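A.B. asks: The following block contains the structure, expressed as structure tokens.
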Amino acid sequence: MRFRQHICDLPTYEVGKPLELVMRDYNIAPADIIKLGSNENPFGVAPLAKQAIHDNAHLAYMYPDDSYYELKESLGQKYGVQSEHIIIGSGSDQIIEFCVHALCDEMAKVLMAQTTFAMYAIYAKHCNATIIRTKDFTHNLISMLHYYKEYKPNIIFLCTPNNPLGEALPKVAVMEFLQQIDNDCLVVLDCAYMEYCAYKDSSYAITPKEIIELPNVIYLGTFSKIYGLGGMRVGYGIGNNKLIAMLHKMRPPFNITTLSLKAANASLFDEQFLLQSLRNNFAEMDRYKCFANQYSLEILESYANFVTFLLHNKLNSTKIGTLLLQRGIVVRDLASYGLNAIRITIGTPQQNEVVIQNLIDIITNIRD
């Protein structure tokens, strides 16, 4: 069988090591594993979502309502938009895929930051499109605009807050940038971590209602992070109704399960769970900052639910990641991004205490 060459050359997206492999390889009991490598909510599923799954389990044999009316109505109320402005995907990743496949072929160009979510480039390579990256380490809208004018890309990706680095873009700067992009270029605002960003600093908070009149901008959100539903795979895109109507042509029927829809809808109303998660995130983030200062480690300012450490001298991210794995702690080694860095999801106070103490032990032994 002969596959197209650009498909053969595609990289495979690397996810965190499965817990089953950690348990098998290092003989660690499930209760002793701390998984902080995938930016999941450490408090698990929102209680209202868990109840919705229980109450609707008997409907698992049925196909979902393919209009996704209930969830769209709830999202519309949350953001002050109409249902026709919303598309639901199997995670926000699927909507990224819709956008790229709808607009790109081997003649297309896709512009993104130098270090950003890996799936943008992977989906672009599905279509054999040309990938253009800025040279700045983090998002720089001045550079992005310069590259846009020079290369005239079909799609621009702005990830704010940015995974895996954690930086975010001020709303005013983003809105000014959008006004300078022609309507024939789609701008994807990937806001998977926006709830954390908005809590930390309202001047960085971007809402879908502010962009739906723009014909070439889509806002992406997800239930995988703050809402604790990574395993249910629900995301959404919000934009101009004509743009959304075109993307719906890419959506396969029944792409979200019945129980996933019920859980996602219920989680939108669990305000106590959301507030608890946000408060814990930034209180515990301060502990990592103190640890970094005490041990002279470079930690990036984060507007998301993780912290990223850039490592230097004797410290190697793959070695540290492996040593942590052997102790039952899963973090994200960013070597696949070309970085000597580790990304750690903010866990519960108890989890973070264990992680920090183990990092202290590992780093001290390496430096000695």
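A.B. asks: Count, please, the residues in segment 289-306 that happen to be open to solvent by less than 30 Å² (accessible area, probe 1.4 Å), within 19 Å of ALA168 (Cα to Cα) and among the aromatic types (Phe, Trp, Tyr).
C.D. replies: Of the residues in that region, 1 qualify.
A.B. asks: Scan segment 141-153 for residues that are in contact (Cβ under 8 Å) with a residue 24 or more places away in the chain and open to solvent by 50 Å² or more (accessible area, probe 1.4 Å) and jot them down.
C.D. replies: Keep residues of segment 141-153 that are in contact (Cβ under 8 Å) with a residue 24 or more places away in the chain, which gives 141, 144-145, 147-148, 151-153.
Scanning segment 141-153 gives TYR151, LYS152.
A.B. asks: In segment 174-193, what residues are outside any helix (DSSP H, G or I) and either surrounded by fewer than 17 Cβ atoms within 10 Å (Cβ to Cβ) or among the hydroxyl-bearing types (Ser, Thr, Tyr) (or both)?
C.D. replies: Initially, segment 174-193 is screened for residues outside any helix (DSSP H, G or I), giving 179-193.
Matches in segment 174-193: GLN179, GLN180, ASP182, ASN183, ASP184, TYR193.
A.B. asks: Answer yes or no: is there a residue in segment 344-361 that is under 18 Å from LYS35 (Cα atoms), in contact with an Asp or Glu (Cβ under 6 Å, 6 or more places away or on another chain) and without any contact (Cβ under 8 Å) to a residue 60 or more places away in the chain.
C.D. replies: For segment 344-361, residues under 18 Å from LYS35 (Cα atoms), in contact with an Asp or Glu (Cβ under 6 Å, 6 or more places away or on another chain) and without any contact (Cβ under 8 Å) to a residue 60 or more places away in the chain: absent.
A.B. asks: While we're on this one: Going through segment 247-301 one residue at a time, which ones are charged (D, E, K, R) and either part of a helix (DSSP H, G or I) or under 23 Å from PHE98 (Cβ atoms) (or both)? Working first, answer last.
C.D. replies: Within segment 247-301, the first condition is being charged (D, E, K, R), and the residues that meet it are 249, 251, 262, 270-271, 279, 284, 286-287, 289, 298, 301.
Hits for segment 247-301 are LYS249, ARG251, LYS262, GLU271, ARG279, GLU284, ASP286, ARG287, LYS289.
A.B. asks: Here's a follow-up. Can you tell me which of (1) in contact with a strand residue (DSSP E or B) (Cβ under 9 Å, 6 or more places away or on another chain); (2) closer than 22 Å to LYS242 by Cβ; (3) open to solvent by 60 Å² or more (accessible area, probe 1.4 Å) is the one ILE95 doesn't meet?
C.D. replies: The failed condition is (3).
A.B. asks: Here's a follow-up. Please state which of the following conditions GLU213 fails to meet, knowing it meets all the rest: (1) touching a helix residue (DSSP H, G or I) at 6+ places or on another chain (Cβ under 8 Å); (2) part of a loop (DSSP other than H, G, I, E, B); (3) at pLDDT below 95.
C.D. replies: (1)
A.B. asks: Among the residues of segment 86-106, is there at least one that is over 27 Å from PHE282 (Cα atoms), assigned to a loop (DSSP other than H, G, I, E, B) and among the charged types (D, E, K, R)?
C.D. replies: yes
A.B. asks: Can you spot a residue in segment 114-128 that is aromatic (Phe, Trp, Tyr), more than 24 Å from GLU301 (Cβ to Cβ) and open to solvent by 60 Å² or more (accessible area, probe 1.4 Å)?
C.D. replies: Taking segment 114-128 first, the residues aromatic (Phe, Trp, Tyr) are 117, 120, 123.
Still in the running and more than 24 Å from GLU301 (Cβ to Cβ): 123.
Going one step further and asking which of them are open to solvent by 60 Å² or more (accessible area, probe 1.4 Å), we end up with none.
No, there is no match, as no residue in segment 114-128 is aromatic (Phe, Trp, Tyr), more than 24 Å from GLU301 (Cβ to Cβ) and open to solvent by 60 Å² or more (accessible area, probe 1.4 Å).
A.B. asks: Moving on. Within the set of pairs 6 or more residues apart or between chains, which connect a residue that is at positive phi inside segment 242-267 to a residue that is open to solvent by 40 Å² or more (accessible area, probe 1.4 Å) with Cβ atoms less than 8 Å apart?
C.D. replies: PHE254/TYR63; PHE254/ASP66
A.B. asks: Here's another thing I want to ask about it. I'm checking my understanding of the structure. Among residues of segment 154-173 that are open to solvent by 20 Å² or more (accessible area, probe 1.4 Å) and not in a loop (DSSP other than H, G, I, E, B), which one is farthest from ASP201 (Cα to Cα)? Walk me through it before giving the result.
C.D. replies: Of segment 154-173, the ones open to solvent by 20 Å² or more (accessible area, probe 1.4 Å) are 154, 167, 170-173.
Filter once more, keeping what is not in a loop (DSSP other than H, G, I, E, B): 171-173.
Working: LYS171: 10, VAL172: 13, ALA173: 14 Å.
Ranking the candidates gives ALA173 first.
A.B. asks: Then there is this: Determine which member of the set TYR227, TYR196 is surrounded by 24 or more Cβ atoms within 10 Å (Cβ to Cβ), touching a residue at least 40 places away in the same chain (Cβ under 8 Å) and over 25 Å from ASN140 (Cβ atoms). Even if it seems obvious, please write down each step before you answer.
C.D. replies: Numbers: TYR196 fails: over 25 Å from ASN140 (Cβ atoms).
Checking each option against the conditions leaves just TYR227.
A.B. asks: May I pose another question? So, of the residues in segment 174-197 that are of a type outside the set (Val, Ile, Thr) and closer than 19 Å to ILE86 by Cβ, which turns out to be nearest to the chain's Cα centre (by Cα)? Spell out the reasoning first.
C.D. replies: Filtering segment 174-197 down to residues of a type outside the set (Val, Ile, Thr) leaves 175-180, 182-186, 189-197.
When the remaining residues are screened for being closer than 19 Å to ILE86 by Cβ, the result is 186, 189-192, 194-195.
On the way: LEU186: 19, LEU189: 11, ASP190: 8, CYS191: 8, ALA192: 5, MET194: 10, GLU195: 12 Å.
Ranking the candidates gives ALA192 first.
A.B. asks: Going by what's in this entry, would ILE132 be described as outside any loop (DSSP other than H, G, I, E, B), hydrophobic (A, V, I, L, M, F, W, C) and either open to solvent by 20 Å² or more (accessible area, probe 1.4 Å) or within 25 Å of GLY230 (Cα to Cα) (or both)?
C.D. replies: Details: outside any loop (DSSP other than H, G, I, E, B): yes; hydrophobic (A, V, I, L, M, F, W, C): yes; either open to solvent by 20 Å² or more (accessible area, probe 1.4 Å) or within 25 Å of GLY230 (Cα to Cα) (or both): no.
Taking the combined requirement at face value, the residue does not satisfy it.
The values are calculated or read from the model by the stated rules, or taken from the named source; none is laboratory data. Every value quoted in this text rests on a predicted model; they were computed, and no experiment measured them. Here the Cβ is made from the backbone with ideal geometry for all residues, glycine too, and neighbour counts use every protein chain on show. Calculation scope for accessible area: heavy atoms of the full protein, side chains included, ligands and nucleic acids excluded. Shrake-Rupley method; radii C 1.70, N 1.55, O 1.52, S 1.80 Å.
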